[in-house]
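Down below is the structure, laid out as structure tokens.
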Amino acid sequence: MARVNTILNVIEKVYGHDESKIDQNEFLELLHYDPGTGEFTWRFSLSYGRKKGARADRAVSNGSRYISINRRSYSAHRVAWFIVHGEWPELIRHKSGNKGDNWIDNLRNLTRRQLRLESDLSKGKTGRTGVFPVKSGDRTMYMARIKHNGKSYYLGVYDTPELASDVYKAKKCEFDQEK
């Protein structure tokens, strides 16, 4: 217990609120993370109401989960990434789309550029990246568009979203091979 209090004091007094200064071992001393379920539990009973084995993360209104240590909240998905990979992620995207699912295989570390590109080509109404519905008279056609190196490329209009998506994927492979 003295070691736990020492760790908490070091985190608060020496490191303040800069998460990048807290090392992996300090989190592992306090928390158990199950990479298969994404759940965090306390390793010790702490003097301020936290019981050994109790769930350490809590849900907030947007579905994300947070862990509070010494009056500082940490995003559970960021802590999960840090514990497994030993480095703080730039940005985390949940593959399932559920912000509460923090099992490690559901988390992707993205750069700001990658996130911006994904946002620019969101799946929108078609459920397919780079494919957008357009009205042509009384029927709906599907436009394919891709962004590469900050430039937008028009790939044509097609009868089905599947065909437009195939064209998008082919062009994406072509751009990926250029790198």
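Brief remarks on what is shown
- Cβ-Cβ contacts under 9 Å between residues 6 or more apart (or on different chains), taken from a first residue in the range 125-138 that is more than 10 Å from S165 (Cα to Cα) to a second residue that is exposed (fewer than 11 other Cβ atoms within 10 Å of the Cβ), are absent.
- When the range 106-148 is filtered for residues that are part of a helix (DSSP H, G or I) and modelled with pLDDT of 90 or more, only N106 remains.
- For the range 45-83, a tally of residues being assigned to a strand (DSSP E or B), over 20 Å from R108 (Cβ atoms), of a type outside the set (A, V, I, L, M) and at pLDDT 90 or above returns 2.
- Within the range 31-44, restricting attention to residues that are assigned to a loop (DSSP other than H, G, I, E, B) and in contact (Cβ under 8 Å) with a residue 40 or more places away in the chain, the residue that is nearest to the chain's Cα centre (by Cα) is G38.
Rundown of residues vs (1) surrounded by 13 or more Cβ atoms within 10 Å (Cβ to Cβ); (2) within 17 Å of G97 (Cβ to Cβ), yes/no style:
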residue	(1), (2)
T37	no, no
F40	yes, no
F44	yes, no
R50	yes, no
R55	yes, no
N62	no, yes
I67	yes, no
R72	yes, no
A76	yes, yes
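The values are calculated or read from the model by the stated rules, or taken from the named source; none is laboratory data. Please read these numbers as outputs of a predicted model, since none were measured by experiment. Reconstructed Cβ throughout: ideal geometry from the backbone, glycine too, with neighbour counts over all protein chains shown.
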